[in-house]
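Q: Mind looking over this structure? Questions follow.
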Amino acid sequence: MAAALKTSDENERPNVVESGRGRAPKMSRQIANRIAEQILRGDIQVGERLPTEKEMVAEFGVARTTVREALRLLESQGLVTIRAGVGGGPVACRPQFAALGNTMKLFLQLENANLADVIDTRLTLEPVVARQATPRIADGRLDELQEALDSIRADPDDYENFVQKNALFHTIIYTAAGNPVLRIVMETLLLLVSEVEPASGHPQVTRIAAVDAQQLVLNAMRSRNADAAADAMGAFVHDTAKYYRRRLAQEISQPVHWQI
């Protein structure tokens, strides 16, 4: 069932008059902003189908081309995906960190940055996040961290599981820190670093060493020792950086490359 687009007044139309500070935004942008606000507020749920183009033309009193441009704007920001075929059309979705990562790569390339710079930034921020998360993280989340590490130990040859559980370990800590800005930055940096993962995967001994280092972080967090957690996380990411510089020196020294 398609979502109903809401307005503060049933007869309200997008504002197209000129304001004292200049001309109002293009009609397509006004419509896109209105729909985006409803998705971001949760009035339109992720996965919910939006009204059809025909219905939106009638709702907003605009041409079909204007509605299509509004939908293209929303799609470019990861808020809408256009499904083809019968029963398709615009569907609300949640922007992914990959989209933000690609935008960040654009700015990193403009600044001639490389992935070694990204790794150095993680070296600075990871201990800060661990310190902030330690007094805030719930016991249940600590149990999830332990389950992630135990899962890797149970089958160290399962590289896909290692990648997933390692990412989950960091995401739980980023979230527990209680600062959404830090979480978004850290998730994006982690994503950028993961792009240089070797196709064959990291050696098993390296994976086990990583899990052992993460266990020290978890132990400190469980004891609610923020300083120890920061130190353990600092040691972990420092060793990780050394590994990347030794094993993937050529890859991380290349300038970041952005592409659509």
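Readers should treat all values here as calculations from the given coordinates under stated rules, not as data from a laboratory. Fair warning: this is a prediction, and the values are worked out from it, not measured in the lab. Here the Cβ is made from the backbone with ideal geometry for all residues, glycine too, and neighbour counts use every protein chain on show.
Q: Taking the simple approach of a point 7 Å from Cα along Cα-to-Cβ for both HIS238 and GLU75, what is their distance in nm?
A: 5.0 nm
Q: In debye to the nearest 20, how big a dipole does the chain give about its Cα centre with +1 on each Lys and Arg Cβ and -1 on each Asp and Glu Cβ?
A: Value, rounded to 20: 740 debye.
Q: Neighbouring Cβ atoms within 10 Å as the yardstick, rank VAL181, VAL67, VAL57 fewest first.
A: Fewest-to-most Cβ neighbours within 10 Å comes out as VAL181, VAL57, VAL67.
Q: Each residue of the stretch 111-120 in turn: what ³J(HN,Hα) in whole Hz from Karplus with 6.51, -1.76, 1.60 and θ = phi - 60°, glycine and Pro shown as x?
A: 8, 6, 7, 10, 6, 5, 5, 5, 4, 5
Q: Residue separation times 0.36 nm, minus the C-alpha to C-alpha distance between GLU147 and ASN33: what's the value?
A: Answer, rounded to one decimal: 36.9 nm.
Q: A further question on this structure: Taking amide H positions as placed in the peptide plane 1.01 Å from N, state which residues far from ALA113 in sequence (5 or more) or on other chains have amide H under 5 Å from it.
A: Placed amide hydrogens put VAL256 under 5 Å from ALA113.
Q: Along Cα→Cβ, 7 Å out, is where each label goes; now give me the distance between the ones at ALA138 and ALA98 in nm to one decimal.
A: Taking the simple label geometry, ALA138 and ALA98 are separated by 2.9 nm.
Q: If you don't mind, another one. HN-Hα J couplings of the stretch 149-163 from phi, Karplus 6.51/-1.76/1.60, θ = phi - 60°, integer Hz, Gly and Pro as x?
A: Karplus-based 3J(HN,Hα) across the stretch 149-163 equals 5, 5, 5, 5, 5, 5, 8, x, 7, 7, 5, 4, 5, 4, 4 Hz.
Q: Right, here's the next one. Among ARG224, ARG68, ARG131, whose mean-square fluctuation peaks in a Gaussian network model of the chain (Cα, cutoff 10 Å)?
A: In this elastic network of the chain, the residue with the biggest mean-square fluctuation among ARG224, ARG68, ARG131 is ARG68.
Q: Relative contact order for the chain: what is it in percent, counting Cα pairs under 8 Å that are at least 6 residues apart?
A: Taking the mean separation of contacting Cα pairs over the length of the chain, I get 21 percent.
Q: Still on this structure, please answer the following. If you plug each phi of the stretch 205-214 into the Karplus form 6.51 cos²θ - 1.76 cosθ + 1.60 with θ = phi - 60°, what whole-Hz ³J(HN,Hα) values come out, in order, with x for Gly and Pro?
A: Each residue's phi maps through the Karplus curve to give 4, 5, 5, 5, 4, 5, 5, 4, 5, 5 Hz.
Q: Which of ALA220, GLY78, ALA232 sits farthest toward the positive end of the charge dipole of the chain, with +1 on the Cβ of Lys and Arg and -1 on the Cβ of Asp and Glu?
A: Among ALA220, GLY78, ALA232, the one farthest towards the positive end of the dipole of the chain is GLY78.
Q: Pairing the Cα long axis of helix 97-110 with the longest principal axis of the chain, what angle in degrees results, from 0 to 90 and rounded to the nearest 10?
A: The answer is roughly 80 degrees.
Q: Between 0 and 90 degrees, rounded to the nearest ten: what's the tilt of helix 27-41 against the longest Cα principal axis of the chain?
A: So the inclination is approximately 50 degrees.
Q: What length, rounded to one decimal in nm, is gained on full extension from LEU216 through to SER200, with 0.36 nm per residue of separation minus their alpha-carbon distance?
A: So the chain would gain 3.1 nm between LEU216 and SER200.
Q: Taking a label point 7 Å from the Cα of TYR159 along the Cα→Cβ vector, which residues of the stretch 216-260 have an amide N closer than 15 Å to it?
A: 248
Q: Rounded to the nearest 0.05, what FRET efficiency is calculated for ALA209 and GLN259 with R0 set to 25 Å and r the Cβ-Cβ distance?
A: 0.15
Q: With 10 angstrom as the radius, rank HIS238, HIS170, HIS257, HIS202 by how many other C-beta atoms surround their C-beta, starting from the fewest.
A: Fewest-to-most Cβ neighbours within 10 Å comes out as HIS257, HIS238, HIS202, HIS170.
Q: Let's test the formula: R0 of 45 Å, r as the Cβ-Cβ distance of LEU40 and ASP227. What FRET efficiency results, to the nearest 0.05?
A: Taking R0 as 45 Å, the efficiency between LEU40 and ASP227 is 0.75.
Q: Still on this structure, I have one more. Just need the relative contact order of the stretch 98-253 here, percent rounded to a whole number, with Cα pairs under 8 Å and 6+ apart.
A: Across the stretch 98-253, relative contact order equals 37 percent.
Q: Also, quick follow-up: Of GLY42, GLY178, ALA58, which is farthest along the charge dipole of the chain in the positive direction, counting Lys and Arg as +1 and Asp and Glu as -1 at C-beta?
A: Comparing the listed Cα positions along the dipole, ALA58 ranks first.
Q: Using Cβ counts within 10 Å as a stand-in for footprinting exposure, how do ILE260, ILE172 rank, fewest first?
A: ILE260, ILE172
Q: Also, quick follow-up: With N denoting the number of residues in the chain, provide Rg(C-alpha) divided by 2.2 N^0.38 Å, to two decimal places.
A: Here the Cα radius of gyration is 1.26 times the empirical estimate.
Q: If each residue of separation counts as 0.36 nm, what is the full-extension length gain between ARG83 and GLU111 once their alpha-carbon separation is subtracted?
A: 6.4 nm
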